[in-house]
């Protein structure tokens with residue numbers, strides 16, 4: 001589904017990704033872990049199409065298409081979803097408007113008709129219940145005045161409404177207390193399916209207690225140094241990241 | 001007549017006035033004096049501070065014909081509210097009812113002339129206020145009775161129309177009696193057939209405890225030159241509220257002068273303007289705090305695109321003795337496309353020591369993070385830009401508590417923004 005080959009990216013003259021290789025197949029859940037500044041969030045941003053990053057080498061293909069050639073909205077409409085590390089507050093644009101516009105954009109791409117207001121409400125009510133969100137939130141501005149936990153829950157709500165093919169979660173666990181983390185994990189787990197892939201970027205192993213990955217990758221200094229299963233995450237939790245770097249440089 | 005040398009434009013209007021004089025109501029001497037004052041002041045020169053960002057050279061080069069009384073029918077857009085009076089070139093169309101929409105109505109034949117044609121002195125628009133007093137056809141007096149409370153809205157549709165470029169001089173005086181409450185909607189339109197030059201004067205007084213909400217919509221055609229002067233005096237514990245939407249005309253200038261004369265007098269002047277195409281929109285606000293515990297809020301949101309230009313000049317003066325006053329000024333502007341321009345100048349002068357004053361002005365582009373966020377959810381770039389631009393105006397639009405008007409302005413903003421953003425994308 002997602003095939004990344006030798007991906008190099010930089011901001012200005014600062015090189016951040018230095019040859020990332022990653023294969024993601026339908027149904028898989030991948031965790032990308034790494035110390036601060038290793039390039040985790042850059043990888044998620046480049047895949048979602050955020051401006052300001054220059055890809056200098058390498059490729060990323062999604063369902064056979066050149067992902068990097070697509071505008072951010074085209075990626076979204078084809079089923080790529082990025083849950084932001086820092087969801088943006090947009091006063092004056094309400095959540096219901098955004099959810100409906102986003103959903104209809106995806107449906108159009110899939111050859112489905114727009115949902116009317118009634119069908120839309122019926123659809124999101126269930127999803128909101130799952131994310132433990134109050135209905136009053138629909139008429140509020142996007143993320144406006146939300147707590148950190150509410151913002152992350154809102155990201156997962158959007159994701160569950162849009163039903164992406166490839167979900168990228170950028171530090172979705174950061175800033176969450178344990179209750180909020182459980183709600184978010186329940187939302188993500190409800191989306192696990194044989195057709196869908198999930199790539200989570202995270203600094204801590206904690207999230208992986210709730211969302212069990214099939215693969216764990218260690219990203220350091222712009223490259224994936226090691227790949228394993230969830231036991232690798234536990235080892236990282238115990239031993240930190242340094243030993244991975246040392247073993248990699250020794251090899 | 002005085003011996004000063006007149007510019008060709010000034011001479012043109014004086015000659016037109018002489019021809020029109022027999023048809024004008026009121027005392028001839030008052031009309032003549034007003035015309036002489038205009039002739040004396042003439043059109044503003046390039047170096048006049050009040051006209052620094054707005055050149056009237058194009059306006060001055062035209063020879064508009066002052067409107068004469070007429071009984072011809074006139075087309076106007078549908079009313080927003082149930083109670084409306086149409087003024088064509090400043091003259092009421094049809095019989096003026098004795099009362100409408102919470103106001104008692106008076107004309108030159110039924111109301112005192114010194115209330116209707118009072119001279120408004122000072123500022124960059126005194127010349128045009130004088131021209132208006134000389135030429136106005138059917139000045140209207142709107143008044144309330146003491147303690148009269150009305151939730152109605154009276155809409156005045158001011159339409160400029162003519163078989164050639166027409167000068168129209170609508171003039172409205174509003175006298176709010178003590179403890180009365182009313183709402184007025186001022187709708188500026190034209191026939192779009194020619195370059196017209198409507199010059200409007202509003203002369204408003206609020207007695208103690210009165211409350212007036214004035215909704216204003218300027219949606220004239222693409223060729224109109226519009227100048228307007230609003231003079232407001234606010235008494236003890238009285239409140240003047242203006243909700244302004246500027247969407248039309250080629251060039252428009254609005255001077256809003258509010259004098260907070262009485263203790264705890266208050267004003268809230270908020271608005272949006274959309275300077276797209278090659279539109280030039282200039283708003284000058286001048287608030288005088290002359291008594292203790294007076295409060296003022298100025299909050300304008302401006303959007304400029306293409307070759308459009310917006311000018312905002314907001315001034316608040318807290319005079320000596322106006323202790324415990326509160327003056328706030330906000331002006332936020334959005335430049336949607338390269339080539340657009342905004343000139344903003346917030347200005348506070350404070351001569352009292354126990355006051356709270358603040359001003360903030362920003363001019364910028366849409367937040368790239370918000371833009372990316374919306375696009376990453378599948379919205380096209382024009383959709384995302386349009387949503388963010390509407391949200392930008394929405395903060396001020398939310399204060400427009402007349403729903404039919406608010407919907408019209410929202411729809412008009414949407415329609416124009418989507419069009420211009422699709423072209424830009």
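Descriptive notes on the structure:
- Over chain A, dividing the summed -39,500 (n - 2.57) contributions of all DSSP H runs of at least 4 residues by the number of residues returns a 222 nm mean residue ellipticity of -11500 deg cm²/dmol.
- Three-way shape call for region B:62-191 based on the alpha-carbon gyration tensor, with the a/c threshold at 1.5: oblate
- Relative contact order, whole percent, for region A:2-250 stands at 28, derived from Cα pairs under 8 Å and 6 or more residues apart.
- A prolate overall shape is assigned to region B:1-149, the ratio a/c of its alpha-carbon gyration tensor axes (a ≥ b ≥ c) being 1.5 or greater and a/b exceeding b/c.
- Pair residue B:33, residue B:354: separation of 7 Å Cα→Cβ label points (nm): 4.2
- Partner chain coverage, peptide A:88-101 - average Cβ within 10 angstrom: 5
- Look at where the Cα atoms of region B:176-248 and of region B:101-163 average out, and the two centres are 10 Å apart.
- Across region B:8-262, the mean sequence separation of Cα contacts (distance under 8 Å, 6 or more residues apart), normalised by length, yields a relative contact order of 16 percent.
- Spin-label model, residue B:163 to residue B:18: label points 7 Å out along the Cα-to-beta-carbon direction sit 2.4 nm apart.
- If a spin label sat at a point 7 angstrom from the Cα of residue B:341 along the line to its beta carbon, no backbone N atom of region B:236-252 would be nearer than 14 Å.
- Average beta-carbon neighbours from other chains, 10 Å sphere, peptide A:63-76: 3
- Among A:139, A:160, A:45, residue whose mean-square fluctuation peaks in a GNM of chain A (springs only between Cα atoms under 10 Å): A:139
- Each residue, residue A:108 and residue B:422, gets one label point 7 Å from its Cα in the Cβ direction; the gap between the two is 1.1 nm.
- For chain B, averaging the sequence separation of C-alpha pairs within contact (under 8 Å, six or more residues apart) and dividing by the residue count gives a relative contact order of 9 percent.
- Degrees between helix A:178-190 axis and first principal axis of chain A (Cα, 0 to 90, nearest 10): 80
- Rounded tilt (10° steps) of A:230-239 against the dominant C-alpha axis of chain A: 60
- With only Cα atoms counted, the protein assembly as shown has Rg and Dmax values of 31.4, 104 Å.
- Helix A:148-162 vs. chain A, principal-axis angle (Cα, 0 to 90°, nearest 10): 80
- FRET efficiency, 1/(1 + (r/R0)^6) with R0 22 Å, evaluated for residue B:410 and residue A:71 via beta carbons: 0.20
Only the coordinates and a few stated rules stand behind these numbers; no lab work does. Owing to the predicted nature of the structure, the values given are computational and were not obtained by experimental measurement. Cβ: placed from backbone, ideal geometry, glycine included. Neighbour counts: every protein chain shown.
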